[in-house]
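Bear in mind that the values in this text are calculations on the coordinates, not laboratory data. Given the structure is predicted, the values throughout are model-derived calculations rather than measurements. Methodologically, a virtual Cβ is constructed for each residue, glycine included, from the backbone with ideal geometry; neighbour enumeration extends over all protein chains shown.
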């Protein structure tokens with residue numbers, strides 16, 4: 001597996017059901033950058049906002 | 001709620017972002033000191049009320065009730081950061097300025113648990129109620145994802 005150091009964050013807005021589906025999808029699509037997008041749009045085209053991958057370790061300084 | 005007592009099964013950290021609700025993130029600060037600054041800011045800026053959440057040992061979040069503009073929001077946080085001389089809060093404040101909105105964590109993070117409400121003061125019907133409603137949505141997402149992961153684990157074994 002290829003390892004890359006990346007950074008990014010998703011900010012979703014929208015309805016509860018869409019938010020849930022977006023969060024589930026977000027685990028499969030690593031953010032391309034600091035992304036703010038409606039949950040509905042993200043569900044439709046997740047590949048536009050992230051690329052397929054898996055977090056293997058993570059460091060978050062602050063929220 | 002029982003689903004949240006176990007460990008969060010995911011690497012992700014979930015938070016709530018808002019630019020109209022005044023929020024604070026105090027690191028390495030005693031509860032007494034956090035309460036003092038929350039009370040002082042609440043009175044000085046007429047913020048109606050607030051809740052204090054304990055995010056981990058000596059780390060607290062504050063959410064105020066009155067909705068404000070983003071510029072007033074940052075004016076208030078800057079005032080508290082400057083007068084309280086809290087390094088953690090100042091750093092958090094600068095990061096929120098860069099992002100253009102305030103974010104507080106609502107999921108566990110590494111060995112830190114889910115932040116829980118430890119103190120309430122004054123009116124709670126506006127910003128506080130909204131924050132708690134969103135927090136409930138995020139908690140439901142975490143519970144659903146936890147059960148989803150458990151189901152998948154059971155399928156594979």
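See the values below:
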{"quantity": "Alpha carbon centroid spacing (whole Å) that separates the stretch A:8-23 from the stretch B:69-110", "calculated": "23"}
{"quantity": "Ranking of A:43, B:141 by count of other Cβ atoms within 10 Å, fewest first", "calculated": "A:43, B:141"}
{"quantity": "Sequence-separation-based contact order of chain B, relative, with Cα cut under 8 Å and 6+ spacing, percent", "calculated": "34"}
{"quantity": "Hull shadow area, averaged, chain B [alpha-carbon convex hull, nm²]", "calculated": "9.3"}
{"quantity": "Gain upon complete extension [residue B:83, residue B:56; 0.36 nm per residue less C-alpha separation]", "calculated": "7.4 nm"}
{"quantity": "Residue order, fewest to most beta carbons within 10 Å, for A:33, A:18", "calculated": "A:33, A:18"}
{"quantity": "Between 0 and 90°, nearest 10: helix B:87-99 axis offset from chain B longest Cα axis", "calculated": "80"}
{"quantity": "Longest to shortest principal axis, alpha-carbon extents of the stretch A:1-54, angstrom", "calculated": "35, 18, 15"}
{"quantity": "With Cα atoms, 0 to 90° folded angle of helix B:31-44 axis to chain B main axis", "calculated": "50"}
{"quantity": "Between helix B:70-84 and chain B: long-axis angle, C-alpha atoms, 0 to 90°, nearest 10", "calculated": "80"}
{"quantity": "Helix-only CD estimate at 222 nm, as mean residue ellipticity for chain B, using -39500 (n - 2.57) per DSSP H run (n ≥ 4)", "calculated": "-15500 deg cm²/dmol"}
{"quantity": "Where the Cα pairs of the protein assembly as shown fall when distances are cut into 10 Å bins, in %", "calculated": "8, 32, 36, 19, 5, 1"}
{"quantity": "Binned Cα-Cα distance frequencies in the stretch B:16-63 - 10 Å width, integer %", "calculated": "26, 56, 18"}
